[in-house]
Amino acid sequence: MALFDLPVDELREHRSASVEPEDFDAFWSKTLQEARGHDLDARFEPVDTGLSTVDVYDVTFAGFGGHPVKGWLRLPAGAAEPLPLIVEFIGYGGGRGLAHENLLWASTGRAHFVMDTRGQGSAWGGGGGTADPVGGAPAFPGFMTRGVDAPENYYYRRVFTDAVRAVEAARSHPLTDAARTVALGASQGGGITIAVGGLVPDLVAVAPDVPFLCDFPRAVTLTDRHPYREIALFLKTHRGRSADVQRTLTYFDGVHFAARGRAPALFSAALEDQTCPPSTVFAAFNAWAHADKEIEVYDFNDHEGGGPYHEAAKLRWLRDRA
């Protein structure tokens, strides 16, 4: 697919048409307050992986509704003092994978916590192990329309709450330095990263790669690729529900979390990306509130974005931050 979205000079000026709800902050304050009414109950069980350079812990903590959420904590073997902490969120359909996977960040001498995504982990990778015990109204297969009838019921209310609690759980381990916490992830993980960046005030950096869940009004009408397409297919059946769905999505749009971003940020966008169109990524980047922000643009890439090239960019960018 050749370039299909706005020219780069227009991308750098693009703003989302999503209208922030007046009670956005109150909604999320209440949501997190309710979640914190449950004991975090973070448990770290050592795993025998056969690795000699990385120690791995099987983690369980209480997320939204007190529901158990899984994760992995990976530490450089033999770590004795608190380390800078990377908290990572996973792309759509994936899970935390297997204990021996994803060793890059622990190999840099940092602590690395990866959160399982509730109800997912069955589409690619090594799988996941976190159920989503909450039901909902009729939905198109997938996750984008689960509970989309109201913000209180929406699937990503649970996921974003889990993500904030994941940061709290990871910070509770004695070998992580809460004052040097970074959030990052790609695609859905990038969208979750932006939400966490708007909800957790004291991160030292965030790095959302080709982020999903941004600028819903444009994304749903610009691309016919899944997962955004799930929303259009839901509305194709549920005629006349567009206003209700659009209202729900405003509480979860990355552009509104970005307006609350209080940490330096490194974004990435790919100009041939039909899954997370570049204009939707730039909408969040342009809204990001912290002045120290950069975006890497990959001119001829689809949703793979910068891949290992962008991993190298993040390694360089984080060197002096965490």
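What to note about this one:
- Neighbourhood net charge (12 Å Cβ-Cβ; Lys/Arg +1, Asp/Glu -1) for residue 120: +2
- Nearest 10 degrees, 0 to 90: helix 24-35 Cα axis against the chain principal axis: 40 degrees
- 3J(HN,Hα) along segment 215-229, derived from phi through the Karplus expression 6.51 cos²θ - 1.76 cosθ + 1.60 where θ = phi - 60°, amounts to 6, 3, x, 7, 4, 5, 9, 9, 10, 10, 8, 6, x, 4, 4 Hz, with x in place of Gly and Pro.
- Computed from backbone phi with θ = phi - 60° and the Karplus coefficients 6.51, -1.76 and 1.60, the 3J(HN,Hα) list for segment 178-187 is 4, 6, 10, 10, 10, 10, 7, x, 10, 6 Hz; x is used for glycine and proline.
- The residues of the chain have, on average, 40 Å² of accessible surface per residue, using a 1.4 Å probe with all protein chains present.
- Extension gain, residue 224 to residue 152: 0.36 nm times the residue separation minus the Cα-Cα distance gives 23.2 nm.
- Rounded to the nearest 10 degrees, the inclination of helix 155-171 to the longest alpha-carbon principal axis of the chain is 20 degrees.
- Segment 66-166, accessible surface, carbon-and-sulfur percent (1.4 angstrom probe): 56 percent
- Placing a label point 7 Å from the Cα of residue 302 along the Cα-to-Cβ direction, the residues of segment 223-253 with a backbone N closer than 15 Å are 223-228.
- In this structure, the amide hydrogen of residue 295, modeled 1.01 Å from its nitrogen in the peptide plane, lies closer than 5 angstrom to those of 267, counting only residues at least 5 positions away or on a different chain.
- Gyration tensor verdict on segment 1-83 (Cα atoms; rounded if a/c is under 1.5, prolate if a/b is larger than b/c, oblate otherwise): oblate
- Between the Cα long axis of helix 307-318 and the first principal axis of the chain there is an angle of about 60°, rounded to the nearest 10.
- Considering only the chain, percent of DSSP beta bridges that pair antiparallel, nearest 5: 45 percent
- Mean-position separation - Cα centroids, segment 289-318 and segment 44-74, in angstrom: 28 Å
- Summing Lys and Arg as +1 and Asp and Glu as -1 over all other residues whose Cβ lies under 12 Å from the Cβ of residue 218 gives a net charge of -2.
- The lysines whose alpha-carbon is closer than 25 Å to the alpha-carbon of residue 70, local same-chain residues fewer than 8 away aside, are 30.
- Interchain or long-range residues, amide H under 5 Å from residue 63's placed H: 69
- Length available on full extension from residue 294 to residue 80: 0.36 nm per residue minus the Cα-Cα distance, which gives 73.7 nm.
- For the peptides 24-30, 278-284, 107-113, the ranking by mean Cβ contacts within 10 Å, running from highest to lowest, is 278-284, 107-113, 24-30.
- Taking the helices alone, the chain has a mean residue ellipticity at 222 nm of -9000 deg cm²/dmol, built from -39,500 (n - 2.57) per DSSP H run of at least 4 residues and averaged over all its residues.
- Potential lengthening of the chain between residue 2 and residue 315 amounts to 109.7 nm, from the contour at 0.36 nm per residue minus the alpha-carbon distance.
- Around the amide H of residue 54, modelled in the peptide plane, lie the amide H atoms of 77, all under 5 Å away and 5 or more residues distant in sequence or on another chain.
The values are calculated or read from the model by the stated rules, or taken from the named source; none is laboratory data. Bear in mind the structure is a predicted one, so any value in this text is a computation, not a measurement. Glycine also receives a Cβ, built like all others from the backbone with ideal geometry; neighbour counts cover every protein chain displayed. Protein only, heavy atoms only, side chains kept; ligands, DNA and RNA dropped before computing areas. Shrake-Rupley method; radii C 1.70, N 1.55, O 1.52, S 1.80 Å.
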